[in-house]
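The values are calculated or read from the model by the stated rules, or taken from the named source; none is laboratory data. Everything numeric here is computed off the predicted structure, so don't read it as measured data. Neighbour counts are summed over all protein chains in view; Cβ atoms, including those assigned to glycine, are modelled from backbone coordinates with ideal geometry. SASA here: full protein model, heavy atoms, side chains in, ligands and nucleic acids out. Shrake-Rupley method; radii C 1.70, N 1.55, O 1.52, S 1.80 Å.
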Amino acid sequence: MLLVLILVATAVALFWTYANYKVSYWKRRGVESLTPNLIFGNFREAVLFRSAPGWHIGDLHKMARPDAPFVGFYIFHKPCLLLRDPEIIKHVMIRDFDNFSDRHFAGSNQKDSIGMKNLFGLKNPAWKYLRTKITPTLTRGKLKQMLPLMMETAEPMLNYIKDQPVDHDNVKLLDAQDLNYKYTTDIIASVALGTKIDSFYFPNEEFSAAVKEFFYGFKRMIALITVFFMPELVEVIGTRMLFNSTFVRKIFWNAMENREKTGEKRGDFIDSLLQLKNSEQDPVFKFEGENLLYQSGTFFSGFESSSTCTSFTLMELAKHPECQELARKDINRAIEKHGWTYEAFQDMKYLEQAILEGLRLHPPVSTIDRYTREDYKIPDTDIIIEKGTPIYISLYGLGVDRRFWDEPEVYNPDRFAEGNPIPDAYMTFGIGPRMCVGMKVGQLHAKVVLALLLREYEIWQTKEHTSFLDPRSTFTAACDGIKLYFKKIR
């Protein structure tokens, strides 16, 4: 027994010594840092799913000294740097981009290739080449071709809302997040995979059920926190924990084969991929085989983000009826002037302001990450960031930072009115060469859904149905949905 006690005490002492040394990394380098836990570092609440991981990074932003330009923290014993100053962020994301062109998780040997072997997760130089090829598939002309598909896909959603039961005041209580999840599933099938489905009236079909599990299953939530914050673990357990894409492969290749045989043009992403497949190839990244399939993941990620944007913007408009009425008038004015056209959605300026403000408070992908490729001296300091150090930026933190926003907790679309300066801290779509390539298609997606709903329904939320973030989700999502009341406008 004495020997066992001695061994245990020795092990504890050795761990204490080791852990203290590991979490003194930033202190030894002269960098201001947050006080860590000896086991979890500064990430205990996120690892234990007590706080949504992205929100937790925002809390770390708020814990730092208010004027701190950056602060060190730890994920377990791994030293990470959280940037808090827009000028330093611009150096990293724009001026010195070549040293920070890769995401922290990029390139790991994970099997979720639909989500990673595309613009979202590739490393340079493949990423740079791919961007030059994908960007032309999202031009104004391409978006005008996609718009009819978005409108067509919305019909089952509108019919579904109409068919839901009402109370004695002709009011319906609906989950806006679930509505958007289902619509997004259908739009992914239509635009990215060239296939029509109906998740509202046939939710148990293989594709709808599989996409629901892909986006919102607990297994994927575990996978995402691992991929984003602990990608080293993917090398060990990635093949057993990440997404099975069998159902997507089947639908995708059936659509590609059918489109090649018939020569049909539908205005979707399959048309663009066939053009890329038949064009001259570059060894750095060839549009052939599985590489074609992986590009559909760009739309999986993009439409998931715009779905979240739509859900939370609708929630904010439900809480602020005066803003909702201004958005409705803006929608009706644009439709009366242009009809249901691409030009009408471009002309919905106040609705766009409402969306941008919703994104400030509820960024769908709330954390930007980068990997330091070579040792880097932070401008105007003596601080050297070592090669391999993960760099993080919290959009939750910057979005409510009082240094940059007046009354940051208040939802106010007028912040983005024409002529008002937008702080450099607003970077919901990212900044620099790697900023979101699908920004315009995401905004169009959100405008279509919001315009269709607000034109027909008055929407509000009560305190008893207040929404809270899902602590398991790396991306922004509401736990138990976003319950809103819908009443038909007469």
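Points worth noting:
- The stretch 52-83 versus the stretch 259-329: alpha-carbon centroid distance in Å: 32 Å
- Extension gain, residue 35 to residue 2: 0.36 nm times the residue separation minus the Cα-Cα distance gives 8.4 nm.
- In this structure the stretch 1-160 gives 47 Å² per residue of accessible area when probed at 1.4 Å with all protein chains present.
- When all protein chains stay in place and ligands, DNA and RNA are ignored, the 1.4 Å accessible-area order of 262, 341, largest first, is 262, 341.
- Measuring nothing but protein heavy atoms, the accessible surface of the chain at 1.4 Å probe radius is 55 percent carbon and sulfur.
- When 139, 428, 17 are compared by accessible area of protein heavy atoms, the largest-first order is 17, 139, 428, using a 1.4 Å probe.
- The label point for residue 67 and the one for residue 152, both projected 7 Å from the Cα toward the Cβ, are 5.9 nm apart.
- Sites residue 253 and residue 77, calculated FRET efficiency, Cβ-Cβ separation with R0 51 Å, nearest 0.05: 0.70
- Degrees between helix 176-187 axis and first principal axis of the chain (Cα, 0 to 90, nearest 10): 80 degrees
- Accessible-area rank, largest first, for 16, 405: 16, 405, with all protein chains present and a 1.4 angstrom probe.
- Once both labels are positioned 7 Å from their Cα atoms along Cα-to-Cβ, the gap between residue 487 and residue 48 label points is 4.4 nm.
- Dipole moment magnitude, nearest 20 debye, the chain about Cα centre, only Lys, Arg, Asp, Glu C-beta charged: 760 debye
- If the segment from residue 374 to residue 410 were pulled out straight at 0.36 nm per residue, it would be longer than the present Cα-Cα gap by 8.9 nm.
- FRET efficiency for the residue 384 to residue 166 pair, using the beta carbon distance and R₀ = 56 Å, is estimated at 0.30.
- Cα-projected label distance for residue 139 with residue 464, points at 7 Å along beta-carbon direction, nm: 5.4 nm
- A 1.4 Å probe run over the stretch 349-473, with the rest of the protein chains in place, finds 41 Å² accessible per residue.
- Estimated at 0.36 nm per residue, the fully extended path between residue 22 and residue 261 surpasses their Cα-Cα distance by 80.1 nm.
- Tilt relative to the chain, helix 321-338 - C-alpha long axis, 0 to 90 degrees, to 10: 50 degrees
- Net dipole in debye of the stretch 343-481 [+1 Lys, Arg Cβ; -1 Asp, Glu Cβ; about Cα centre; nearest 20]: 360 debye
- Between residue 13 and residue 290, the FRET efficiency estimated from the beta carbon spacing at R0 = 51 angstrom works out to 0.50.
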